[in-house]
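Written below as structure tokens is the structure these notes are about.
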Amino acid sequence: MNPEIDYYFTCISPFTYLGHRAFLETARAAGARVNFKPVKLAKVFANSGAKPVPERPACRQDYRLLEIERWARKRDLPVNLKPAHFPTDPGLADRCVIVLQEAGEDPGEFVQRALAACWAEEKNIADEVVIADILTSLQHDAEAVIRSANSTDVADQYDRNSDEAVERGVLGAPAYLLNGEQFWGQDRIELLAETLDSQPGGQS
């Protein structure tokens with residue numbers, strides 16, 4: 001049986017952006033199924049004890065920017081350390097991920113485009129036009145996806161994802177859970193890969 005990885009994230013997270021492609025490549029190489037679970041990060045932070053960026057001490061804020069810069073260089077990704085539209089509400093983008101997954105579509109590239117829109121392209125992912133453009137570029141019916149994303153059912157699933165993350169002790173975004181074991185942060189992808197390889201049927 002192929003492994004499954006529960007992927008907790010939000011489309012506004014810089015570290016999700018930095019690790020997204022590397023994570024998907026790791027999962028693909030292991031033949032793992034990815035369950036995309038966008039969450040309301042404020043709820044996760046409230047449970048894990050993390051503080052929103054503006055409430056962190058200056059030394060932690062400075063180090064966060066240094067880490068983003070370092071990892072962008074390592075992952076060969078463009079990045080704006082202080083994007084014009086951060087923070088902004090990622091809810092619409094996150095809910096579109098839920099819609100695409102429930103429709104049997106792979107939302108991976110949509111997530112990548114939404115993350116890049118904020119962190120590399122100075123676009124506001126809270127803007128419905130921005131999200132519609134991304135969906136259309138990926139050959140999705142933007143109007144239908146956005147309509148579904150604004151439904152009560154999808155909003156409820158978004159809340160359930162967030163509650164589930166709290167129940168499972170998710171620390172922040174991104175977090176990858178393999179058989180209940182948490183790998184928190186895009187800098188743990190290599191450890192995740194090693195764990196996947198060590199399992200029965202793994203590559204090693």
* Might you check whether a residue that is in contact with a helix residue (DSSP H, G or I) (Cβ under 6 Å, 6 or more places away or on another chain), over 24 Å from residue 136 (Cα atoms), in contact (Cβ under 8 Å) with a residue 60 or more places away in the chain and not polar (S, T, N, Q) occurs anywhere in the range 80-98? => no
* Structure fact -> Of (1) in contact with a Gly (Cβ under 8 Å, 6 or more places away or on another chain); (2) of a type in the set (Gly, Ala, Ser); (3) within 18 Å of residue 19 (Cα to Cα), residue 48 fails just (3)
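FYI, it's all coordinate maths here, none of it is from the lab. Note that the coordinates shown come from a computational prediction; the quantities given were computed from them, not determined experimentally. All Cβ positions, even for glycine, are placed from backbone atoms using ideal geometry, and neighbour counts span all protein chains on display.
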